[in-house]
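Enquirer: Take a look at the following structure, please.
No lab work stands behind these numbers, since they all come straight from the coordinates. Keep in mind it's a predicted model, so treat the numbers as computed, not measured. Methodologically, a virtual Cβ is constructed for each residue, glycine included, from the backbone with ideal geometry; neighbour enumeration extends over all protein chains shown.
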Amino acid sequence: MSTAVLDAPVGNRPLQVMRLHVVNPPLQLLMPWAVLLLSFVVNLLVFSLVPDSPDDARVSGGLLTIYIFTLVAHLVTMTQLFPFALSLSVTRRHFYAGSVAFVVLQSMLQGLLLTVLAAIERASDGWGLQMHFFDLPFLQSGDWFTRWLILTVPFLFFSFVSMAAGTIFKRFGQFGLWTVGLVGLVVGGAAAVLVTWLGAWGAIGRFFVDTPPLMLFAGYPAILAVLAAGVGWLFLRRATP
Amino acid sequence: MTAVTMRGVTKRYGDFTALDAVSLELRENTIHGLLGRNGAGKTTIMQILTGQGFETAGQVEVFGAHPYENARVLNRVCFIREGQRYPDSFRVVDALNAAALLFPNWDAGFAASLVEEFRLRVKQRIKKLSRGQLSAVGVIIGLASRAPLTFFDEPYLGLDAVARQLFYDRLLADYAEHPRTVVLSTHLIDEVSDLIEHVVLIDKGRVLIDEDADVLRGRAVTVSGPTAAVKAFAEGYTELHREELGGFLRVTLQGAEPAPELRSEGLEFEPVSLQQLVVRTTQTAQLDDRKVGVR
């Protein structure tokens, strides 16, 4: 008893941070799926009541909810979990490494689950109702791996963009976030004016139509996700809890 | 062994100087009291020592290295802040599980018994807890982490007297069994004066006292009696405080020793409590500041 508390082995910090993300599984993991399921059931009910009309495709936008959930969840990762983790003596580097690994794993698994559901939807002729909930017409492309990428990468994109936003908030406060928002608004507005002036809206529309879904939903978002992850790390290094 | 060394550490926020060339050393396996008024710089010091905040200038060493992004150092540190925030979705049990995951010396049995003693319900959402219960969560994490360097930043906010006593008792008992370096930032000085072995008093970002508590207690004495006799005795000592009523004078003197043989002249000697000493020292420092300002 004469010596100080001995140093027990610490273990793999990034792995521990990954587990920290699921320390409260119901809210963190199951809630988004519960809401998505609810949205799915409501859609099923509605489409089973609406009379069949061959002209209108039965497409639902309910799938978007789970991506929005991811967006919010990982904003909270930086604004709430990061300060807490730091008070539990995790370094910023280990917190970010663990969180990035968690986001990648979470995106891959959620993408896989959605791919399976989309396959079931396709095989069951839209749950017997010709409904498109998971297997959206504009996402249908290529083999199952391509479809998995198309459903997975948006998770990465939303997660890392929202983590970057959360980091900017922690580093520069509300003022920083407002500044980024305003700059984004001004740049976007200027771009819109420029496009109108050049009469290029048609070309932009064609870009979205002509670009294959793999590039539009996986390729470009992947590039942006990597950029956002880099920006997040850049600001996190000097962020305070 | 020294757990913490700060040399000339300055922290500025814009044109506000939070820490002004702070130098101090914290011995290993000692309970330190980090004392000072609100806004004196206590939290800033702890943030810098845990790599959560950044010093503007100066040298910082914790267990022989700078703490910023240093896993080897931080693995041995626990710092639960005053008003520690937890993720909104967390229940008490989630916070404790997270701490169990990340603190290598975590004692789950100890944590469970503390939960019971502080009368927390583990399934309750932390967001819904009262101020005192929230403090209790921080106290439990700080104690059960058994980190070789543990900071308690005003851990008692909202805790009732019974719970505060419980905290002091458990801290002392566990410290006796598992010696470690504890830094207790507080302004309830009287309550912890039996607990702390070493005192660091800061005011306006400067160190006013950095001394062992025992030395400090013997460092000043309050003497009271007839004005003339007290004045004669006080000659040559630094006066920390003076109260005068009619022909009766009561002064707190720094460096003076009680002289029982002077009782015959009507002089009474009383030891000075740590709290009084801290209050007087802080007031005297402020007086000096004002004098400098006038000049």
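Enquirer: Can you compute the charge dipole magnitude of chain A about its Cα centre, using +1 on each Lys and Arg Cβ and -1 on each Asp and Glu Cβ, nothing else charged? Give it in debye, rounded to the nearest 20. Working shown, then result.
Expert: Working: 12 positive and 9 negative charges, 244 e Å.
I would put it at about 1180 debye.
Enquirer: Here is a further query. Given just the C-alpha atoms of chain B, how large is their convex hull per residue in cubic angstrom? Working shown, then result.
Expert: Numbers: hull volume 49.2 nm³, N = 295.
Hull volume over Cα atoms, normalised by residue count, gives 167 Å³.
Enquirer: For chain B, set up a Gaussian network in which alpha carbons nearer than 10 Å are linked by springs, and say which option among B:79, B:269, B:248 fluctuates the most.
Expert: Among B:79, B:269, B:248, the largest GNM mean-square fluctuation belongs to B:248.
Enquirer: Could you grab the Rg to Rh ratio for chain A? Cα atoms only, Kirkwood for Rh. Kindly include the intermediate steps, with their values, before the conclusion.
Expert: On the way: Rg = 21.5 Å, Rh = 20.4 Å.
Radius of gyration over Kirkwood radius for chain A works out to 1.05.
Enquirer: Also: Assign one of three labels to the stretch A:101-241, namely rounded, prolate or oblate, based on the Cα gyration tensor with a ≥ b ≥ c the square roots of its eigenvalues; rounded applies when a/c is under 1.5, prolate when it is not and a/b is larger than b/c, and oblate otherwise. Please list the in-between numbers first.
Expert: On the way: a/c = 2.69, a/b = 1.36, b/c = 1.98.
Here the stretch A:101-241 falls in the oblate category.
Enquirer: So, in nm, how far is label residue B:38 from label residue A:198 when the simple model puts each one 7 Å beyond its Cα toward the Cβ?
Expert: Reported label-point gap for residue B:38 and residue A:198 is 5.7 nm.
Enquirer: While we're looking at this one, here's another question. Using the alpha carbons of the stretch B:42-201, what is the convex hull volume per residue in cubic angstrom, as a whole number?
Expert: Details: hull volume 19.2 nm³, N = 160.
Hull volume over Cα atoms, normalised by residue count, gives 120 Å³.
Enquirer: Between residue A:12 and residue A:214, what FRET efficiency comes out of the Förster formula 1/(1 + (r/R0)^6) with R0 = 41 Å and r the beta carbon distance, rounded to 0.05? Display every interim value, and only then the final one.
Expert: Values: r = 35 Å, r/R0 = 0.85.
The computed FRET efficiency comes out at 0.75.
Enquirer: Moving on. Would you kindly compute the Cα radius of gyration of the protein assembly as shown and its largest Cα-Cα separation (Dmax), both in Å?
Expert: So, for the protein assembly as shown, Rg and Dmax equal 30.9, 113 Å respectively.
Enquirer: Could you tell me the calculated FRET efficiency between residue A:172 and residue A:50, based on Cβ-Cβ distance and R0 = 45 angstrom, to the nearest 0.05? Don't skip to the end; give the middle numbers.
Expert: On the way: r = 49 Å, r/R0 = 1.08.
Efficiency for this residue pair is about 0.40.
Enquirer: Roughly how tilted is helix B:161-177, in degrees to the nearest 10 and between 0 and 90, from the longest Cα axis of chain B?
Expert: Helix B:161-177 and the main axis of chain B meet at about 80 degrees.
Enquirer: Which residue fluctuates most in the GNM of chain A (Cα springs below 10 Å): A:18, A:163, A:78?
Expert: Of A:18, A:163, A:78, the most mobile in the Gaussian network model is A:18.
Enquirer: Ranking request for peptides B:10-20, B:144-154: highest mean number of other beta-carbon atoms within 10 Å first, then the rest in descending order.
Expert: Values: B:10-20: 14.5, B:144-154: 24.5.
The packing order, highest mean first, is B:144-154, B:10-20.
Enquirer: Over the Cα atoms of the stretch A:167-222, compute the convex hull volume and normalise it per residue, giving Å³.
Expert: With only Cα atoms used, the stretch A:167-222 gives 82 Å³ per residue.
Enquirer: Taking the Kirkwood radius as the inverse of the mean 1/r across Cα pairs, report the Rg/Rh of the stretch B:146-241. Mind showing how you got there, number by number?
Expert: Working: Rg = 17.5 Å, Rh = 16.1 Å.
With Rh from the inverse mean 1/r over Cα pairs, Rg/Rh is 1.09.
Enquirer: Moving to a separate point now. As I understand it, the value is the acute angle between the Cα axis of helix B:92-102 and the longest principal axis of the Cα atoms of chain B; what does it come to in degrees, rounded to 10?
Expert: Here the helix axis deviates by roughly 90 degrees.
Enquirer: What is the percent of Cα-Cα separations in the stretch A:47-144 that go past 19 Å?
Expert: Working: 2685 of 4753 pairs.
The share of Cα pairs beyond 19 Å in the stretch A:47-144 comes to 56 percent.
Enquirer: Then there's this: Which value, in debye to the nearest 20, gives the size of the charge dipole of the stretch B:1-99 about its Cα centre, when Lys and Arg are +1 and Asp and Glu are -1 at the Cβ?
Expert: On the way: 11 positive and 10 negative charges, 26 e Å.
Here the size comes out at about 120 debye.
Enquirer: Can you list the HN-Hα couplings for the stretch A:82-87, worked out from phi with the Karplus curve (6.51, -1.76, 1.60; θ = phi - 60°), rounded to whole Hz and with x for Gly and Pro?
Expert: Running phi through 6.51 cos²θ - 1.76 cosθ + 1.60 with θ = phi - 60° gives 4, x, 5, 4, 5, 6 Hz.
Enquirer: Run the simple label-point estimate for residue B:257 and residue A:72 please: 7 Å along Cα→C-beta, distance reported in nm.
Expert: It is 7.1 nm.
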